[in-house]
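Let me begin by presenting the structure, written as structure tokens, before commenting on it.
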Amino acid sequence: MHKFDEKALLKSAEDTLALKPEIEKIVDDICKEGYKNIFLIGVGGTICYAWQMEAIVKAHSTIDLTVVHAADYLSMGYKRLTKDTIVICESASGDTKEIVAAIEKVHSIGAKVIGLCDKPESPVGKSVDYRIGCPDSDGMYKWYVLMCRFMKNNGDFDQYDEFFKDMANLPAACIEVSKACDEKTMEFAKMHADDDVVHYLVGSGNLWGGTYSEAMCLMEEMQWMRTKSITAGDLFHGTIEIIDPDTSMLLFFGEDETRPQMQRVLDFLPRINKNHWVFDTKDYELKGIRPEFRGLVSPIVMWAVNMRLANNLELMRCHPLEVRRYYRKLKY
């Protein structure tokens, strides 16, 4: 398998889960002090993580939570973001300029910021009120511990302890998912290695963020492939009119409450299209994960699939994922 380091993947996930006591203390202290609402501020790939957590929180909690694009916040501000708001943001590089600027603006009104950042000496690492990270951490697990703890403390997640007992098994389970999906993702990569078509990616619920990320971050930014991402609910309200038998369609099925929306797409699509690929978390055994938690962890499971898709596209297209033409190459 191309670029598949099992030990490194396990270590990243397990090291991140080991941050759980530290994250819990941060959240518990904030909850004791009290807060009015939570804002998740992101840009690019980091807002995709935020959307995933938004879907989970809104389906299972009464927490007042808002996801905001950093550029929008800098341009417009939000009256509901006050000194009593908790802001959560993420930056892998530690110097994402929109995030750095957003943190400064948030602090100017007196709100506190939790930063998911592995680099303590970076601008983001130095400026946040609470930093969560470790070398080469797995962003997904940080988000889960953080937001699930807020839900537990809000009285919305009685199964918190049982859930995280199962989560300890998820890194190993996702290794098996990566192995199981490699052949199928390679088949897609071989078929589309040299074409110049637009690929339409469809997702819903807590997989919408990952679907958008696969399209924008992995396929567009890292592979220079043309894509459009669409929610399952919106596919029938515009996009459906430009789909023909050969249109490349990728459907990302999770196991949350919105799965029927995806099934509606799949039930209809064969009538007009013969080039659709279904990637479904339900196809994979998740050893050690109880059935009632499968829907909650679908984003992490699908990320394992998405990374095999990205790495196999890299191999078949002879296009390293790290190569950019403009991003961080030009001033803008």
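The values are calculated or read from the model by the stated rules, or taken from the named source; none is laboratory data. The structure presented is a predicted model; accordingly, all values stated were derived computationally and were not measured. Neighbour counts run over all protein chains shown; Cβ positions are idealised from the backbone, glycine included. Accessible surface is based on the protein model in full, side chains and every heavy atom, while ligands, DNA and RNA are left aside. Shrake-Rupley method; radii C 1.70, N 1.55, O 1.52, S 1.80 Å.
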Query - Residue in region 233-241 that is more than 17 Å from the chain's Cα centre (by Cα), at pLDDT 95 or above and surrounded by 18 or more Cβ atoms within 10 Å (Cβ to Cβ) present - result: yes
Query - In region 70-96, residue modelled with the highest pLDDT [restricted to those that are closer than 13 Å to GLY125 by Cα and open to solvent by 60 Å² or more (accessible area, probe 1.4 Å)] - result: ASP95
**Report entry** Residues (assigned to a helix (DSSP H, G or I) and open to solvent by less than 20 Å² (accessible area, probe 1.4 Å)) located in region 27-69
**Finding:** VAL27, ILE30, ILE47, CYS48, ALA50, GLN52, MET53, ILE56, VAL57
Query raised in the report: If the Cβ limit is 7 Å and pairs must be 6+ apart or interchain, which residue in region 208-224 that is farther than 16 Å from PHE188 by Cβ and at pLDDT 95 or above pairs with which residue that is surrounded by fewer than 19 Cβ atoms within 10 Å (Cβ to Cβ) and aromatic (Phe, Trp, Tyr)?
Result: GLU221/TYR327
Report summary line: Reported set for region 190-217 where residues are within 19 Å of THR281 (Cα to Cα), out of contact with any Cys (no Cβ under 7 Å at 6 or more places or on another chain) and not in a strand (DSSP E or B) is SER204, GLY205, ASN206, LEU207, TRP208, THR211, GLU214, ALA215
Query raised in the report: Quick one: which of LYS282, LYS287, LYS228 is surrounded by fewer than 17 Cβ atoms within 10 Å (Cβ to Cβ) and part of a loop (DSSP other than H, G, I, E, B)?
Result: LYS287
Report summary line: Across (1) over 24 Å from SER12 (Cα atoms); (2) free of Cβ contacts under 8 Å to residues at least 60 places away in the same chain; (3) open to solvent by less than 20 Å² (accessible area, probe 1.4 Å), GLY254 clears everything bar (1)
Query - Which listed residue, of ALA101, ALA172, is under 16 Å from THR16 (Cβ atoms) and in a helix (DSSP H, G or I) - result: ALA172
Report summary line: Log entry, pairs with first residue in region 1-24 being within 21 Å of ASN306 (Cβ to Cβ) and in contact (Cβ under 8 Å) with a residue 60 or more places away in the chain, second being open to solvent by 50 Å² or more (accessible area, probe 1.4 Å) and part of a helix (DSSP H, G or I), beta carbons closer than 6 Å, six or more apart or on different chains, reads HIS2/LEU315
Requested in this report: Find the residue count for region 113-163, including only residues that are part of a helix (DSSP H, G or I), of a type in the set (Phe, Trp, Tyr) and touching a strand residue (DSSP E or B) at 6+ places or on another chain (Cβ under 9 Å).
Outcome: 2
Query raised in the report: In region 290-321, which residues are assigned to a loop (DSSP other than H, G, I, E, B) and either free of Cβ contacts under 8 Å to residues at least 12 places away in the same chain or open to solvent by less than 60 Å² (accessible area, probe 1.4 Å) (or both)?
Result: CYS318, HIS319, PRO320, LEU321
